[in-house]
Structure formats: structure tokens, C-alpha cells
Amino acid sequence: MSVEIEPVGHTPSATNEPIRPLRRYQDISDEVLDSPWAKKTVLTFDGGGVRGYSSLLILKALMLKIKELEIESLNSRICSSRDYPWMEAHASSTSTSNESTLDDFLPCHYFDYIAGTSTGGLSAIMLGRLRMTVDDALQQYKMFGNNVFGKARWWHARSGLWFPRAKYPSKKARNAFKRIIHNKITEHDKTIPYHQAEMELFKYRKDRTRTIVFSFSVDKKAGVDMGYLWRTYSHESSTNSSDDTYRPLNPSVAHTIPIWQVARATSAAPSYFEPIKIGDKEHFDGGVFANNPSIRVLEEVRALHGYSPRIFISIGCGLKTNASESQETGNPHRQSFNDGIVDSGRRKREALKKWLELLHGVRRFMTDTEGPNGVQGWNNECVTLQIKYRWRLNVGGALAKVALDDWVPPKSGESTLDKIERETDDYLSQPRTKEKILEMARELVNIRHERAETERWERFALDVVYRCPESSCQGRHSRGKRHY
């Protein structure tokens, strides 16, 4: 079978000649800085327990603005972020623009990297690795809260009568993560068995959105503890093609362990959940190491590509004031990562008190999201690297006073979620916030449009695999779809 390869070009003629995809090296390469694919886009989420719900609401506001700009663009045929100008059949098979919903616009189509810590790590997994819509992620967030935060143990390390075990059973968290995964992988095929969720690997296709999650690892045998970066892609080299000093954290191949284990590792908040042992290491909540992961993600992307990302968006879980910092907010990082695994012979409350006093000086470091280890350090680095398109979104007011595991009432969390929504809505209604979101949406839409004109876009955005027996075939026929 012979296949005619169309010439490069994308401008239709007056005779209605079909638009062709751009497939030159300079159009689809990560190495050519003028390529739209070298304009890397990054999204990060802070850790913050149930307040992570606010981060997703902020992202939803951004996606709604993106949808508005996409539909109002010159190409009136756009009704989904999957669409592209050189395959009319696909666009015409979707709904009309007036019928488009937010589900037609996925964050994974606008970001090359989605990263997070703790519950922000869970958001990153849902949006990046599992390629969910924002609404789906919000729904799964509620499910997790109902099944985990609404069912605390009676006797635990944070109760009045101290007992050396975590506040919440790890089994409930593990089962909730598996349920989230199973709900997604059965979206198009209800016959997939539940046990498949246990085996679904964190590793994913390198030509898709890349997901980054952080935990804090402790190797007792080696006597080493360190921050740990989980990757859906491979980054093995500790050097890069540039002359700068950026190096990856724990260089590795893509992590071939189940997704639920990574989710457990990043969210194992001390005294709230037991750590999880993976290999020779015990993993704790990534907030112990990088509650705001922005700096670490910037270092990772810079080390991998040798150049800076074009767009970097960092979303927080509540801006603390001096007053709120002095109050108890239920933050697990106000204790050591060893809380909850105290030796059974030391169960007296006095031992816990002394331990907490010892750690008083490092609490701010472990929960820092705005200072030198957070926004301030990230922003300074962005200035040094001349990253123009960078934004930080974070709700002020009373949101930071919401305890990390606040879930009232226990069966639904409606009161807690209503409070989070009110605080977030107030923030989103501010003129400066609206201006930021419009700026972000415009830049992201522009990059997506540039990429959608290239042949690489279809691999990035769609579950499509091309097969051709001819060596000369370059993938414009014999379509097979893999739903995920």
C-alpha cells in the first residue's frame, strides 16, 4: 500500500484545499527554541489537606476562561481542546461550540508538566497522569474526604489521650486512591476489573503531559533521609546540555510502581497517616520537604531541557497571615515526620511535648510556601531566568485557618467545602485575580493553537495510535483508538 505524504504547510487555498499538519523538525522539536513544543508550560499545586479543594476551584476558573477564549477564537469550529485545524473530521464529530462543556477542555492539553505535593500531589495525579477534567477531580476530592477524613480513629496521636498511631487508617486512604483510579480507567470500559487499579503504573507515555509528585523518604538502614521526586517519565542524567548548575533530584527512569503507592507516599502526613514503605525506603508527606514544590519543579524542568519554561503557574492552598500562623490549623507538618511511630515504651504525653519543643525551630521551614523555600525563592529564580509568564494564585482571608483534615459534617463535608468555596469565590471575584486569569488563559490558548497545527499534537492530545505496514508511512491513516 502506498501513502502519499503531504507537503509541509497549513494555509488553505482558495480552492478549499485541506489544511496540512506541520511536521518539520523545527515545528515539532523540543530542542528548537522557536518550536511551539519548546514553549514548556508548568502547573504546580501546594500541599494543604482539604484546602487543596480551593486550588482546584481556582484551576476551574482558569479553564472556564480558556474555554471562553477558545470558542471565541477566529476558528469558530473549536469546541474542544482536542481539536486541531488539519483534521476536519474530528472537529465535526464533536459537539457544536454552543454545546461545549468544561469537560471538553482538559488541563492536560495545556500543560506539559503538572506537579504537586501532598494533596496537591493527588491533584497532579488526577489531572496529569489520569488526565481528568477539573470537575471530575473535584468530585473525586469529595469522595476521598467522605471516605477518609470523615472517619477518624477514636484513639490516635492527635487525640486528647495520646496514643502512638496515626489519626486515619492508611487502609481507607489506600482504598480511596484505588477507587479514584478505577473510576477513571473504567470511564470508557466498565468491564475492567477493580484489581486493575492496583496495578496501574505511575509511569506513562513520554509524549503526554508529565506528572511530578514529591514525598520525603527515609532509608533507616543507610541512615539517609531526603526529598524524593516521583516521575511518570525518565530523567536519568544528572547533567544537562546547558552550562547552568541545575540538577535533577534523585535522577531515575520513569517510576514503574502503582499509582496508588505514589499517592500514598506524597500524602502520608505525619501523625495523620502512617508512612508507606516502598523498596528500602519509608515515604512521608512531601510537605516535610517541599510543601510548595515550585522551586524544585523549576529545577527539574530546567535540568531536563536546558532552558526555562515559557509559562509557570503556581497555585496555593491559603495564604497565611501572622495571626493565622500563630493558631493551630491542624497542620501535620508542625510535628516531626517521626510522630506516630514513637517507640512503644515512650507513650507518655511528656515525651511528645519534648519532641515538639525540639522541633519548634524547624516548623516554619517544613510548612513554608511563601518564603525563601516557597514563593519568594521561586519568584527570585524566575527573575534570574527571565521567566516573564509566571503567576502565583493563592486565597487570602480565612482559608488558611481551615484545618487540614476539617470535614464537617463527617458524612459529606458540606460545611467545610462551602466555607472553602466562599473564600475562593471572594478571591476569584477580585479585579486583579480576574486580570491574572485572563492573562494566563490567553498565553495558554495561544500555545495550544500553535501546537494544534503540528502533527505532534494528535499524539499529545488524543488516544490515537497509527499503524502502517509501509516503511514510508508517516501516520496519516489506519487509525486505532485506545481509550483511557
Residue that is touching a helix residue (DSSP H, G or I) at 6+ places or on another chain (Cβ under 8 Å), among the hydroxyl-bearing types (Ser, Thr, Tyr) and without any contact (Cβ under 8 Å) to a residue 40 or more places away in the chain, where the choices are Tyr194, Tyr246, Tyr204, Tyr233 | Tyr194
Note on the stretch 280-291: residues open to solvent by 30 Å² or more (accessible area, probe 1.4 Å) and in contact with a Ser or Thr (Cβ under 9 Å, 6 or more places away or on another chain) are Lys281, Glu282, Phe289
So Ile19 clears everything in (1) at pLDDT below 85; (2) touching a Phe, Trp or Tyr at 6+ places or on another chain (Cβ under 9 Å); (3) part of a helix (DSSP H, G or I) except one condition, right? Which one?
-> (3)
Looking at Gly286, Gly279, Gly227, which one is at pLDDT 90 or above, more than 30 Å from Glu455 (Cβ to Cβ), among the small types (Gly, Ala, Ser) and within 15 Å of the chain's Cα centre (by Cα)?
-> Gly286
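A quick yes/no check of all residues on (1) over 23 Å from Asn373 (Cα atoms); (2) in contact with a Phe, Trp or Tyr (Cβ under 6 Å, 6 or more places away or on another chain):
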position	(1), (2)
Lys203	yes, no
Ser215	no, yes
Asp219	yes, no
Met226	no, no
Ala254	yes, yes
Ser267	no, no
Lys281	yes, no
Phe289	no, yes
Determine whether the stretch 115-123 contains at least one residue that is open to solvent by less than 10 Å² (accessible area, probe 1.4 Å), part of a helix (DSSP H, G or I), at pLDDT 95 or above and out of contact with any Gly (no Cβ under 8 Å at 6 or more places or on another chain).
-> no
Collect the residues in the stretch 420-446 that are within 26 Å of Val408 (Cα to Cα) and among the hydrophobic types (A, V, I, L, M, F, W, C), keeping them in residue-number order.
-> Ile420, Leu428
Could you list, in sequence order, the residues of the stretch 366-418 that are in a loop (DSSP other than H, G, I, E, B), small (Gly, Ala, Ser) and within 30 Å of Glu299 (Cβ to Cβ)?
-> Gly371, Gly374, Gly396
Check the stretch 258-269 and report whether any residue there is in a loop (DSSP other than H, G, I, E, B), modelled with pLDDT under 90, open to solvent by less than 20 Å² (accessible area, probe 1.4 Å) and not acidic (Asp, Glu).
-> yes
Residue that is modelled with the lowest pLDDT [pool: residues in the stretch 77-112 that are closer than 24 Å to Glu435 by Cα and open to solvent by 40 Å² or more (accessible area, probe 1.4 Å)] = Thr101
With the condition kept exactly as written, say whether any residue in the stretch 292-306 is surrounded by fewer than 20 Cβ atoms within 10 Å (Cβ to Cβ), over 24 Å from Leu393 (Cβ atoms) and either out of contact with any strand residue (DSSP E or B) (no Cβ under 8 Å at 6 or more places or on another chain) or at pLDDT 95 or above (or both).
-> yes
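The values are calculated or read from the model by the stated rules, or taken from the named source; none is laboratory data. In this text the structure is predicted, and so the values were computed from the model without any measurement. Heads up, the Cβs are rebuilt from the backbone with ideal geometry, glycines too, and the neighbour counts pull from every protein chain shown. Just so you know, the surface numbers come from the protein's heavy atoms only, side chains and all, with ligands and any DNA or RNA stripped out. Shrake-Rupley method; radii C 1.70, N 1.55, O 1.52, S 1.80 Å.
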